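Worksheet: one structure, shown below.
The values are calculated or read from the model by the stated rules, or taken from the named source; none is laboratory data. Predicted model, so just to flag it, every value in this text is computed and none were measured. Because the Cβ atoms are built from the backbone with ideal geometry, glycine has one as well, and the counts that use them run over all protein chains shown. Quick note on the areas: whole protein, heavy atoms, side chains included, nothing else; ligands and nucleic acids left out. Shrake-Rupley method; radii C 1.70, N 1.55, O 1.52, S 1.80 Å.
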Protein chains: 2
Amino acid sequence: MDFNAWSLDIQTRMERVLDDILPAANIIPSRLHGAMRYAVLGGGKRVRALLAHAAGEFCQAPISAVEQSAAAVELIHAYSLVHDDMPCMDDDDLRRGKPSCHKQYDDATALLVGDALQTLAFKVLAEPGLLRDAARQLHMVHILAMASGSRGMAGGQAIDLASVGLDLTQTELEQMHIHKTGALIRAAALLGAESADTVDADRIKAVDHYAQAIGLAFQVVDDILDSEADTTTLGKTAGKDADSNKPTYVTILGLERAKQLAQELYDEALAPLAAYGDSALRLQQLAKFITQRSF
Amino acid sequence: MDFNAWSLDIQTRMERVLDDILPAANIIPSRLHGAMRYAVLGGGKRVRALLAHAAGEFCQAPISAVEQSAAAVELIHAYSLVHDDMPCMDDDDLRRGKPSCHKQYDDATALLVGDALQTLAFKVLAEPGLLRDAARQLHMVHILAMASGSRGMAGGQAIDLASVGLDLTQTELEQMHIHKTGALIRAAALLGAESADTVDADRIKAVDHYAQAIGLAFQVVDDILDSEADTTTLGKTAGKDADSNKPTYVTILGLERAKQLAQELYDEALAPLAAYGDSALRLQQLAKFITQRSF
């Protein structure tokens, strides 16, 4: 199966998995459940789910466990987008080419949607029997919590808020993104790897190094796309970060140097996989997809 | 130890436990961590922690495990208060006698505070070795997620939002409160009970029945207090629910019948404990404290 077919298959399966996990829109409170479904289903590249699957294949994890781990990460990601788009945060009206959750519903509903999606992510990871080894499953809950909280994703958001209008150095910008997007991307890959029946510590370490490089690369490319693309292509409001005076890799490094950095991070991501031959194929392809989607 | 000394001891210990769990305010992002501490520490009756401890004593659970379980529930409760007070929800400027989190900080910070406190609750419950039995610890994560999400507390909030200005029946009001406050109160007691080294299914069932009755009683008494007290005594804006046209037990039943209902729920809560003698003492005392704090 080529990479496009592989990723389309996963995107299709993940849509079904998330559809099954999310409460039906006719279950009370139905407005909340409808809004949760609106925020999660029918969109997104599911990059985090692809990472979980690629890492899961690398570690020979059963696909059913990988699907649930990937779904938990996608739910956290979806919650963060809903809250980030709210008027008191980025105040963005458009997400994945449609009105963002608070525009389609209302602010109070969007707040609860984000809250309930986060909870649902932890519920999914805590379902009995997801792994045969309950201690390791508990470890997965812990990984997701570390990646999402005040010293991970939510902390990155707070650093981002505090950085508006400031002149950050590249190192400071990197610190922000390691938290804001990197932590959850890293968790996605780790949870895919940890979903295996037997843990191979060396492979998990390789996945971890890969995911840290790819997490930064993802953000660098996002900044490049944001500076180059128009709103229609992007599916969200383009040029928003520069407009709102937020530092980006492009504003700090310039476009050419940012593209060069993405390439360097791509090489860095692949290095720990070199010893593993074909089993790392999907991780390699995904790294290429993430870093070269724009150029 | 009499009940007052017992509860003061727990409140004091929980303050220290939560202080240890919350990241220090000098850890980056320091504004977020400072705000998280502001929202959690130095206030509240810690009713949920008291319930966890009373149920833990009833099931002979080790106090260190009960403390962590109780802390997880208190963190969820604190997150819900921060988000509920925000302008797009109840828009309340006062909480526990001081400015609510978004007034003391700002809306964006309050949003992230709530998000990060929820995550922290799940991190606490997923810490390795909290229980010797990892499968049961995972079950505790699941209990907390069920109680907090769209079919528990967050769902109750959504029903509450949708009920403003409506004439609810007593049954509909009850359904709202079973979700909005009852689910987490029930989880607090269950998590205390599940913290035991050995599970006694009958005792857990008794705790569950007790907690369901006491959860409703808690809300009935809250409505009574809200209708009777002034803002200074209550530590939050009094009469707010009636002013904002929200149905309460007092508006639906009248004050006298609401007081009678609180008494009935008290009796209901105690019934399943009758067979257990002195081991149920704290649960009994706590039921009395919760239902009779106003009259």
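Using a simple spin-label model with pseudo-atoms 7 Å out from Cα toward Cβ, B:LYS288 and B:LYS98 lie 3.3 nm apart. One equal scatterer on each Cα of the stretch A:130-238, no solvent, Debye formula: the resulting log10 I(q)/I(0) at q = 0.10, 0.21, 0.24 Å⁻¹ is -0.37, -1.12, -1.27. Average accessible surface for the protein assembly as shown: 38 Å² per residue, computed with a 1.4 Å probe over protein heavy atoms with every protein chain in place. May I ask you to find the residues of the stretch A:83-115 that are shielded by at least 50 Å² of accessible area once the whole protein assembly is considered instead of their isolated chain (probe 1.4 Å)? In the stretch A:83-115, residues shielded by partner chains: A:CYS88, A:ALA108, A:LEU111, A:LEU112, A:ASP115.
With the alpha-carbon atoms of the stretch A:7-156 aligned to their principal axes, the span from lowest to highest coordinate is 42, 33, 29 Å, starting with the largest. Inter-copy label distances for A:ASP9: 6.1 nm (label point placed 7 Å from Cα along Cα→Cβ; shortest first). Between chain B and chain A, the total buried accessible area stands at approximately 3600 Å², from heavy atoms with a 1.4 Å probe.
Close amide H partners of A:SER100, meaning residues 5 or more places away or on another chain with modelled amide H under 5 Å apart, are A:LEU94, A:ARG95.
How large is Rg over Rh for the protein assembly as shown, taking Rg from the Cα atoms and Rh as the Kirkwood inverse mean of 1/r across Cα pairs?
Details: Rg = 24.3 Å, Rh = 24.7 Å.
With Rh from the inverse mean 1/r over Cα pairs, Rg/Rh is 0.98.
Which links in B:LYS180/B:LYS259; B:LYS45/B:LYS259; B:LYS45/B:LYS103; A:LYS180/B:LYS180; A:LYS103/B:LYS123 stretch past 25 Å when you go from one Cα to the other? Distance filter (> 25 Å) returns A:LYS180/B:LYS180; A:LYS103/B:LYS123. Multiplying each eigenvalue of the alpha-carbon gyration tensor of the stretch B:3-292 by 5 and taking the square root yields semi-axes of 27, 26, 16 Å, largest first, rounded to whole angstroms. For the stretch A:116-134, a reduction of at least 30 Å² in accessible area between the chain on its own and the assembled protein chains (probe 1.4 Å) is found at A:GLN118, A:THR119, A:PHE122, A:LYS123, A:ALA126, A:ALA134.
Ignoring aspartates and glutamates fewer than eight residues from B:LYS288 along the same chain, the ones with Cα atoms less than 15 angstrom from its Cα are B:ASP2, B:ASP222, B:GLU264, B:ASP267, B:GLU268.
About the centre of its Cα atoms, chain A shows a dipole size close to 540 debye [charges on the beta carbon of Lys, Arg (+1) and Asp, Glu (-1) only; nearest 20 debye].
For the stretch B:147-175, a decrease in accessible area of 50 Å² or greater in the assembled protein chains relative to the isolated chain, with a 1.4 Å probe, applies to B:SER150, B:ARG151.
How large a share of the accessible area of the stretch A:117-270, in percent, is made up of carbon and sulfur atoms when the probe is 1.4 Å and the other protein chains stay in place? The value for the stretch A:117-270 is 50 percent carbon and sulfur by accessible area.
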